[in-house]
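Read through the structure below, which is laid out as structure tokens, and then see the notes.
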Amino acid sequence: MRWFVTRRTCRSHPRLGGRYFLAYRWTPSPMRILSGIQPSGVLHIGNYFGMMQPAIALQSQGEAFYFIADYHALTTLHDPLALRENSRRVALDFLACGLDPARAALFRQSDVPQVTELAWILNTVTPMGLLERAHSYKDKIARGLAASAGLFTYPTLMAADILIYDSDVVPVGRDQKQHVEITRDLAIKMNETYGQILKLPEPRISTATAIVPGLDGQKMSKSYGNTIDLFGSEKETQKRVMSITTDSTPVEAPKNPDTSSIFQLYSLFASPNEIAEMRADFEKGGRGYGDFKKQLFAKLWDYFAPMRKRREEILAQPDYINEVLAQGAAHANAIADVVMTRVRQAVGL
Ligand code: TYM
């Protein structure tokens with residue numbers, strides 16, 4: 001809900017009769033939904049269940065903005081051809097999975113360069129300690145990534161991504177929760193310093209899919225090399241599923257479904273009855289992990305069949321992706337300009 005200034009005719013008032021005057025009206029405004037995904041590699045089913053599927057489900061419930069975070073990908077990817085190609089493929093995959101450009105703006109982050117201006121302004125009020133506590137930064141440094149200023153200030157750019165569209169809701173996986181909390185902290189800091197200029201967003205994390213496990217049971221992630229790609233070939237996908245790490249429980253012995261990545265992954269694709277059946281089969285004993293993996297692969301492969309078909313259809317229309325991205329960027333720019341005008345005015349630029 002937002003306040004709007006409106007012009008109304010008042011015929012009944014004895015003095016104002018027939019004239020226009022300004023009035024405030026409490027008008028419902030659509031919920032703004034925003035999320036982003038880095039084009040730093042091939043998308044996997046953790047991306048799909050953690051962010052893409054919830055984002056697609058939300059697109060009919062408000063004004064949605066989904067973008068390809070290519071500025072962010074520059075913190076780890078320095079190959080221009082790969083960056084361009086990955087960005088296009090993220091757009092293709094997102095569309096194939098059901099993003100409807102008539103409902104959601106899909107665009108490249110770098111097509112709204114105002115976001116880097118807002119990131120700079122946010123940087124000027126960002127406490128160093130806040131960035132030093134960011135898990136994602138500490139994690140990347142621990143994995144041997146060079147500690148660049150871009151990597152360090154990654155959360156400020158992400159905050160700008162969110163705040164520049166007056167976003168209400170941010171659908172993300174659990175690993176991004178802290179970044180959305182930092183965004184809220186920075187919005188509060190700006191509002192305390194300059195008045196109420198930025199809106200506080202809420203993360204939207206679905207409990208069932210907050211952390212999709214990878215082949216080794218850790219969080220599925222490109223950087224851990226434990227992914228199942230969203231649109232991998234049949235052979236490769238089967239190979240990955242068959243390589244899921246298991247313990248050495250013999251075929252005939254009962255198995256614990258709650259500690260098994262096979263069962264957790266199967267639960268993402270199957271119906272409640274099918275999930276209950278697999279649980280019972282685990283607990284009964286008599287079936288080996290190889291068997292369960294085959295069952296998981298069959299389910300997963302079927303699940304994505306309509307999306308693979310849609311992907312082929314999109315690939316057959318060479319201009320479609322460019323048109324969608326251009327249209328999305330135009331919409332996103334219009335909103336970003338409104339917020340940036342407000343911010344520039346407030347800070348004295
Ligand atoms: P990225 O590109 O790493 O991941 C995109 C989305 O996928 C989710 N995700 C997962 N969810 C559950 N289980 C998993 N194993 C899994 N792996 C990935 C992530 O949580 C994320 O939602 N910083 C962001 C990109 C970004 C952004 C933003 C997001 C930039 N600006 C503004 C939201 C709003 C990132 O690196 O996501």
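When the residues of the stretch 151-209 are narrowed to those that are polar (S, T, N, Q) and more than 22 Å from S60 (Cα to Cα), which ends up nearest to the ligand (Cβ to nearest atom)?
So the residue we want is Q176.
Considering the stretch 99-115 alone, what residues qualify as being assigned to a helix (DSSP H, G or I) and closer than 17 Å to P39 by Cβ?
Q109, S110, D111, V115
Answer with yes or no whether T207 is assigned by TED's automatic domain parsing to the domain that holds A73, of a type in the set (S, T, Y) and more than 23 Å from D70 (Cβ to Cβ).
Against the criterion (assigned by TED's automatic domain parsing to the domain that holds A73, of a type in the set (S, T, Y) and more than 23 Å from D70 (Cβ to Cβ)), T207 qualifies.
So, D229, is that one within 21 Å of the chain's Cα centre (by Cα), free of Cβ contacts under 8 Å to residues at least 24 places away in the same chain and more than 10 Å from the ligand (Cβ to nearest atom) or not?
no
Yes/no matrix, rows are residues, columns are (1) more than 25 Å from T183 (Cβ to Cβ); (2) more than 19 Å from the chain's Cα centre (by Cα); (3) more than 16 Å from the ligand (Cβ to nearest atom); (4) modelled with pLDDT under 65:
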| position | (1), (2), (3), (4) |
| --- | --- |
| R2 | no, yes, yes, yes |
| R8 | yes, yes, yes, yes |
| H78 | yes, yes, yes, no |
| L83 | no, no, no, no |
| D93 | yes, no, no, no |
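(1) surrounded by fewer than 21 Cβ atoms within 10 Å (Cβ to Cβ); (2) more than 11 Å from the ligand (Cβ to nearest atom): which one isn't true of P213, the others all being true?
Here P213 meets the rest and fails (2).
Residue-wise test of (1) of a type in the set (D, E, K, R); (2) crowded, with 20+ Cβ neighbours inside 10 Å.
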| position | (1), (2) |
| --- | --- |
| A105 | no, yes |
| R108 | yes, yes |
| E117 | yes, no |
| L122 | no, yes |
| A147 | no, no |
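Checking the conditions here, which among L74, L34 is touching a strand residue (DSSP E or B) at 6+ places or on another chain (Cβ under 7 Å) and under 24 Å from T153 (Cα atoms)?
Just one listed residue meets the conditions, L34.
Which ones in the stretch 60-96 are of a type in the set (S, T, N, Q) and surrounded by fewer than 20 Cβ atoms within 10 Å (Cβ to Cβ)?
S60, Q61, T76
Yes or no: T183 surrounded by 15 or more Cβ atoms within 10 Å (Cβ to Cβ) and either of a type outside the set (V, I, T) or closer than 22 Å to S261 by Cβ (or both)?
No, not satisfied.
Considering only residues that are of a type in the set (S, T, N, Q) and in contact (Cβ under 8 Å) with a residue 40 or more places away in the chain, look in the stretch 293-349 and name the one that is surrounded by the fewest Cβ atoms within 10 Å (Cβ to Cβ).
Going through the qualifying residues, I end up with Q327.
From the list V170, V180, pick out the single residue that is assigned by TED's automatic domain parsing to the domain that holds A105 and in contact (Cβ under 8 Å) with a residue 24 or more places away in the chain.
On inspection, the qualifying residue turns out to be V170.
The values are calculated or read from the model by the stated rules, or taken from the named source; none is laboratory data. Keep in mind it's a predicted model, so treat the numbers as computed, not measured. When we count neighbours, we look across all protein chains shown, and the Cβ atoms used for this are built from the backbone with ideal geometry, even at glycine.
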